[in-house]
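The values are calculated or read from the model by the stated rules, or taken from the named source; none is laboratory data. Keep in mind the model is a prediction, meaning the values are calculated, not measured. For neighbour counting, all protein chains shown are included, and Cβ atoms are generated from backbone atoms with ideal geometry for every residue, glycine included.
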Amino acid sequence: MKKLILGMAIVASAFVFGQKGDVNAQLQAANKAAMDAYNAKNYAAAAPKFVEIYDLLKANGQDNKMYMYYAGLSHALANNSDASIKIYTDLVNSGFTGVETTYTAKEKKSGQVVNLDKATWDLMKKNSEYSDFKTEQTPSIEHELYETLSSLLLNAKKPNEALVIIEKGLVKFPNNAKLKEAQTTAYLQSGNTDKFISGLKEQLAKNPNDATNWYNLGVMQSKTPATTNDALDSFKKAIELKPDFAEAYQNLVYTTIGDDGKVVADINALRKDKPDEASKLIDARRERFAKALPFAEGWYKVAPKSIDAVTTLKEIYVVTKNNEKVKEMKAKEAELSAAAK
């Protein structure tokens, strides 16, 4: 499954408040420390500074949760998942959307556009030195909050908690592909394989070109004998979409061969008393290995340094009695084993 990837540019704020000088000084210092740490990728240090900014603002009448969002993001980037989950959960439950109104005006003398708080912006309208008064709303980040919190919970192996957030998010954003994907992952983590498979099929109906979903569907189908052929088709579709999909080739091989350990045990049990039946099993086994051969060769082609691919291909050549290829694969196997030491 996909790993959590977080990234957002945090823009430094210019604090202009009609408050005591020491408060402004604290805000400026905390803001600088937060931004310096964030830009230096010292996210663990940035997070508490963003919280400090939020607390200072709130103590002075401004509940600007954007700074808690920055803190949650920084905690996530610092792999401090518990703190990040708590902040994102609080933001989601509070209904925070991140939508802000910006107020700007142009200085006639310099032509520079300046950002203002609403009170100052209203006052400046009476000032003949300013013009072009504009307001603009920033886009909502509410969907991102749901997506990120879901990913954080899944990464923390908390699928049931993730499902609560995902389902709440899908009420607001029913067509959100990331939440749908997270929901499918949560079903798998929670052991609800039927819903996991249904989720995969639903996603593939909307996007049939997703090789990973075809592969995941094949993995689930391969677990049930009745859907083995469906699994083979799913793996082939994954390879069609992603020709270098080594894992799909690998699963094509294993699914085609089946439970070979059991087959070998059955053959050995029959050899003495029922040699004819044992021979039939041997022939059927050889036929399955022959069918798996092109998939194994494809696997080796896209993953020539995989010792699993080499060993599997060698064993197939043994069963299909291709001695020259057996020698070649033995040499390759020895080469890879030596390189791994």
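Check the stretch 158-175 and report whether any residue there is of a type in the set (A, V, I, L, M, F, W, C), touching a Pro at 6+ places or on another chain (Cβ under 8 Å), surrounded by 21 or more Cβ atoms within 10 Å (Cβ to Cβ) and in the same structural domain as Ser81 (by TED's automatic domain parsing).
no
Hey, any hits in the stretch 179-198 for a residue that's under 17 Å from Asn216 (Cβ atoms), surrounded by fewer than 18 Cβ atoms within 10 Å (Cβ to Cβ) and hydrophobic (A, V, I, L, M, F, W, C)?
There is no residue in the stretch 179-198 that is under 17 Å from Asn216 (Cβ atoms), surrounded by fewer than 18 Cβ atoms within 10 Å (Cβ to Cβ) and hydrophobic (A, V, I, L, M, F, W, C).
Among the residues of the stretch 288-336, which ones are touching a residue at least 24 places away in the same chain (Cβ under 8 Å), polar (S, T, N, Q) and either outside any helix (DSSP H, G or I) or not assigned by TED's automatic domain parsing to the domain that holds Phe245 (or both)?
Correct list: Ser306, Thr320.
For Ala25, state whether it is surrounded by fewer than 22 Cβ atoms within 10 Å (Cβ to Cβ), part of a helix (DSSP H, G or I) and over 21 Å from the mean Cα position of the chain (by Cα).
yes
Within the stretch 171-219, which residues are within 18 Å of the chain's Cα centre (by Cα), within 16 Å of Leu154 (Cα to Cα) and of a type in the set (S, T, N, Q)?
Those that are within 18 Å of the chain's Cα centre (by Cα), within 16 Å of Leu154 (Cα to Cα) and of a type in the set (S, T, N, Q): Gln183, Thr184, Thr185, Gln189, Ser190.
Condition check ((1) in contact with a strand residue (DSSP E or B) (Cβ under 9 Å, 6 or more places away or on another chain); (2) at pLDDT 90 or above; (3) in a helix (DSSP H, G or I)) across all residues:
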| position | (1), (2), (3) |
| --- | --- |
| Lys157 | no, yes, no |
| Ala162 | no, yes, yes |
| Val171 | no, yes, yes |
| Glu181 | no, no, yes |
| Tyr187 | no, yes, yes |
| Ser198 | no, yes, yes |
| Lys201 | no, yes, yes |
| Thr212 | no, yes, yes |
| Ala226 | no, yes, yes |
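Is it fair to say Leu153 is among the aliphatic types (A, V, I, L, M), touching a residue at least 60 places away in the same chain (Cβ under 8 Å) and within 20 Å of Asn216 (Cβ to Cβ)?
yes
Being outside any helix (DSSP H, G or I), exposed (fewer than 15 other Cβ atoms within 10 Å of the Cβ) and at pLDDT below 95 is the filter here, so list the residues in the stretch 234-270 that pass it.
Passing the criteria: only Asp259.
Based on what the data block shows, is Asp210 surrounded by fewer than 16 Cβ atoms within 10 Å (Cβ to Cβ) and over 30 Å from His75 (Cβ atoms)?
Considered against the rule, which asks whether it is surrounded by fewer than 16 Cβ atoms within 10 Å (Cβ to Cβ) and over 30 Å from His75 (Cβ atoms), Asp210 comes out as no.
Here's the yes/no breakdown for (1) in contact with a helix residue (DSSP H, G or I) (Cβ under 7 Å, 6 or more places away or on another chain); (2) of a type in the set (Gly, Ala, Ser):
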| site | (1), (2) |
| --- | --- |
| Phe245 | yes, no |
| Ile257 | yes, no |
| Gly261 | no, yes |
| Arg285 | yes, no |
| Tyr317 | yes, no |
| Leu336 | yes, no |
| Lys341 | no, no |
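Taking Leu153, is it at pLDDT 90 or above and either within 42 Å of the chain's Cα centre (by Cα) or buried (at least 18 other Cβ atoms within 10 Å of the Cβ) (or both)?
For Leu153, the condition - at pLDDT 90 or above and either within 42 Å of the chain's Cα centre (by Cα) or buried (at least 18 other Cβ atoms within 10 Å of the Cβ) (or both) - is met.
Does Val219 satisfy being in contact (Cβ under 8 Å) with a residue 24 or more places away in the chain, part of a helix (DSSP H, G or I), β-branched (Val, Ile, Thr) and closer than 30 Å to Tyr146 by Cα?
So Val219 fits the description; yes.
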